[in-house]
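Please treat every number below as a calculation from the coordinates, not as lab data. Every value quoted in this text rests on a predicted model; they were computed, and no experiment measured them. As a convention, Cβ positions derive from the backbone with ideal geometry for all residues, glycine included, and neighbour counts pool all protein chains shown.
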Amino acid sequence: MTTPPPHPSALDSGTWQLADDLPAVRRVGYGSMRLPGPLDGPGTDRERALRVLRRAVELGVNHIDTAAFYFSTNRSANELINAALAPYAEDLVIVTKVGPGRDTWGGWHWASPEQLRGQVEENLRQLGRDHLDVVNFRVARQRTNQSLAELREAGLVRHLGVSNVRPRHLAEARSIAPVVCVQNPYGVGAGAEEQEFVQECGEAGIAYVPFFSIAGARREAGAGEPAEAVRAVAEAHGATPAQVQLAWTLQQGPHVLAIPGTTDPAHLEENVAAGSLRLNEAELELLGTPAA
């Protein structure tokens, strides 16, 4: 049994080097999607949100995932990150994404190639930075295009990633510019095709960054009822089901990173502690697949 330690540290999760000119990131990071609260609600308590971000960094987290379209009526994830963490530590890596956009009423649209620069500049403005460490291009209705590569050449973006992709999209993107990460939905119960893609990314030296690794099919709605196998493994380790799901995800390869999000300081510590939880081969197989 490997019970998570009472004083968690993201250092226990190991590190991954996204690129030679970026600091190595701890494999347990923080996803800011839920930080502002729902668009049609009052938003999260500002001071609580700032405390969560600062506590994440205190716990050793140095990989934060965000986007300009993470906002509610009176909160923006990027601006909360700026308020909580600027001036930014030298080892902090902030990863954002472009492609989708939202108007002030929450309606979605997809940026044209000409609009991508505006999305990059909006992230820069909100975060208070002169460059973005990594920008993930979210593929849906668009094809990967040259625009982001040009922004990289101009120095506004250091590195590119892709999100919501299949192997053909990754191949297309890599024909245009180097790709340092893939961000896809993934977790316990993932199908064989996605498992194969995870391993292909590792063989190519590309980080695989799951989102919804705890929420699963419920996605934005949050975590649902965990599977019986997850509950059994959690009980054996004195851990929570969410910690087991994160630990399983991280054990799929050293290139697999986690970006769980929360607005609860206690849940934040539980998520970080999952980086020290080690599942044995029988448990990994029970949950889906053996470790890489």
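The distance separating the Cα centre of the range 89-127 from that of the range 38-85 comes to 15 Å. Projecting the alpha carbon convex hull of the range 41-190 along each direction and taking the average yields 10.0 nm².
Compute the Rg/Rh shape ratio of the chain: radius of gyration over Kirkwood radius, all on alpha-carbon atoms. Spell out each step's value before the answer.
Values: Rg = 18.1 Å, Rh = 19.1 Å.
Here the Rg-to-Rh quotient is 0.94.
Per-residue ellipticity at 222 nm computed for the chain from its helices equals -9500 deg cm²/dmol, with DSSP H segments shorter than 4 residues left out and the rest contributing -39,500 (n - 2.57).
For the pair the range 166-182 / the range 258-283, the C-alpha centres are spaced 29 Å from each other.
For the chain, the membrane-span-like helix rule (DSSP H, alpha carbon extent of at least 15 Å along the helix axis, mean Kyte-Doolittle at least 1.0) picks out no helix; this says nothing about an actual membrane. Considering only Ser175, Ser76, Ser32, the mean-square fluctuation computed in a Gaussian network model of the chain, springs between alpha carbons under 10 angstrom, is largest for Ser175. Each of the peptides 253-259, 185-191 was scored by the mean count of other Cβ atoms within 10 Å over its residues; in descending order, highest first, they stand as 253-259, 185-191. Remark on Val61: its backbone amide H falls under 5 Å from those of Ala10, a criterion applied only to residues 5 or more positions apart or on other chains, H modelled at 1.01 Å from N.
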